[in-house]
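The values are calculated or read from the model by the stated rules, or taken from the named source; none is laboratory data. Worth saying up front: this structure is predicted, and the values here are computed from it rather than measured. Every residue, glycine among them, receives a Cβ derived from its backbone with ideal geometry; neighbour counts consider all protein chains shown. These area figures cover heavy atoms from the full protein model, side chains too; ligands, DNA and RNA do not enter into them. Shrake-Rupley method; radii C 1.70, N 1.55, O 1.52, S 1.80 Å.
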Amino acid sequence: HPIPKTAAPVQRAYLSKCASCHGANGHGSWRATVFIIRPGDLTDRKAMAQLSDDYLFGLIKNGGATIGKPGMPAFGYHLTDAEIRALVAYVRTLSASP
């Protein structure tokens, strides 16, 4: 996904690390479908409301393999804890818009 020059750092992180599977808008990506990976729809308000910030933080940092979601890679080696917290907050905005 092209990253706009005006993108905030958290948007850059999302577009470079997450959008290949979750899509630029959070609905999912055709690439993930090709590999038979079904990433969560980050725009689904009901589903996202059931996930705590701590859960999302752990999922982004440690990946999903330890909790039965092997398609979700770990980004703890590539992102700081502060960057991961910012991503959690950004992901929350995707399900907040109508």
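Worth a mention:
- Single residue of the range 45-98 satisfying the filter (outside any helix (DSSP H, G or I) and of a type in the set (A, V, I, L, M)) that is nearest to LEU15 (Cα to Cα): LEU79
- Looking across the range 38-59, just one residue is touching an Asp or Glu at 6+ places or on another chain (Cβ under 9 Å) and under 14 Å from GLY76 (Cα atoms), and that is PHE57.
- Answer residue from the range 29-44, given it is under 10 Å from the mean Cα position of the chain (by Cα) and open to solvent by 30 Å² or more (accessible area, probe 1.4 Å) and is modelled with the lowest pLDDT among those: PRO39
- Among residues of the range 66-98, those that are of a type in the set (A, V, I, L, M), over 14 Å from GLY26 (Cα atoms) and either in contact with a His (Cβ under 8 Å, 6 or more places away or on another chain) or surrounded by 14 or more Cβ atoms within 10 Å (Cβ to Cβ) (or both), counted: 5
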